[in-house]
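Trainee: One structure is given below, represented as C-alpha cells, and several questions about it will come after.
Rule-based calculations on the coordinates, nothing more; no lab input. These numbers come from a predicted model, not from an experiment. Note that each Cβ is placed from the backbone with ideal geometry, even for glycine, and that neighbours are counted across all protein chains shown.
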Amino acid sequence: MAAASDKAYETLKQRVVGGTYAPGEQLKEERLARELNISRTPVRAALKRLVDDGLATADPNRGVRVAEWTEFDIEETFDLRGLLEAHAAELAARRGEEALADRLDALNDEMGRAIAKGGAELAERLQKINSAFHWAILEGSGSPRLRSMLASLIDMPIVIRSHFISTRQDKLQSMQHHRDLAAAIRAGDGELARQVMQLHLRVAAHRFKRQRIEFGGSRAGGGRS
C-alpha cells in the first residue's frame, strides 16, 4: 500500500508542478484512481501529502483542489528560499567538496548548451537543469533539516512555470548567477556563496513579478526561479 501511495504521490506531484492540472482544478479520488489504475485509498493518501506540501488545498465543501497562488504566497516562497537556500549555499561552500563544484560546473555547461540550442523543449530542459543545480547545493550542505524544509519549495509550480515565459536575457542572467555560485563553492567562500544565492533569488522574485504583469497574473501566477 505504501508503494502504491508513494507512486501516486510522485505522479500527481509531477502533474501539478508541470501544469497538467490548472490552479483551482478539483482532484477527484475516483477519477484519479481510474487514471492511475489503483484503488482510491493510496490516491487519498497521496492527495493528503499534496495538501501537506502546499500544492493542493482541502475544503469539506469543495474537495481537494490544486493550490492557487496569491501575492503573499509568492512573496513568502521567495523569501523562505532566500533565507534557507542562502544558508545551504554557505554550508556547501564551507564543506568545500570538489566533487560538488565539478557537478555544478557540469550543470552550468549543460544549461549553456541548452540555451544556445534553443528549441521547443528548451523551457522544460532548463527547468530540469535548474532543479538539479539547486538540489545539488542543498544536498551538498549536508543538512537533513534544511533538505526537509526546502523539499517542497524548490520545485513549487510558481518556480517552475516561469521558465516558460522568461526571456533569453533572463536565462543568461540566471546562468551567470549559477556560475558565480559554483565559483564561490569551489573557492570555499561561504559568505560569498550566501550573498550570491540571495542575489539570485531576489532577482528571480523581481523577474517573476515583472512576468506576471507582462503575461497577465492569472496565466503567469499558476509558475519559476
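Trainee: At 0.36 nm per residue, minus the direct Cα-Cα distance, what do Thr167 and Phe72 gain on full extension? Give it in nm, one decimal, please.
Mentor: Extra length available between Thr167 and Phe72 comes to 31.7 nm.
Trainee: Roughly what would the spin-label model give for Glu110 and Ala187, points 7 Å off Cα along C-beta, in nm?
Mentor: 2.6
Trainee: Same structure, new question: Once the convex hull of the C-alpha atoms of region 79-204 is built, how many Å³ does it hold per residue, rounded to a whole number?
Mentor: Working: hull volume 10.7 nm³, N = 126.
Given the Cα convex hull of region 79-204, per-residue volume reads 85 Å³.
Trainee: How about Lys128: which lysines have a C-alpha closer than 23 Å to its C-alpha, ignoring those fewer than 8 places off in the same chain?
Mentor: Straight-line reach from Lys128, under 23 Å: Lys7, Lys13, Lys117, Lys171, Lys209.
Trainee: Take Lys28 and Asp59, extend 7 Å from each Cα along the Cα→Cβ direction, and tell me the distance between the two endpoints in nm.
Mentor: The modelled label-to-label distance comes out at 1.8 nm.
Trainee: How many nm is it between the label spots at Asp79 and Val203, if each spot is 7 Å from the Cα in line with the beta carbon?
Mentor: 2.3
Trainee: Also, quick follow-up: Suppose a student asked you for the relative contact order of region 4-77, using Cα pairs under 8 Å spaced at least 6 residues apart; what percent would you report?
Mentor: Averaging sequence separation for qualifying contacts and normalising by length gives 37 percent for region 4-77.
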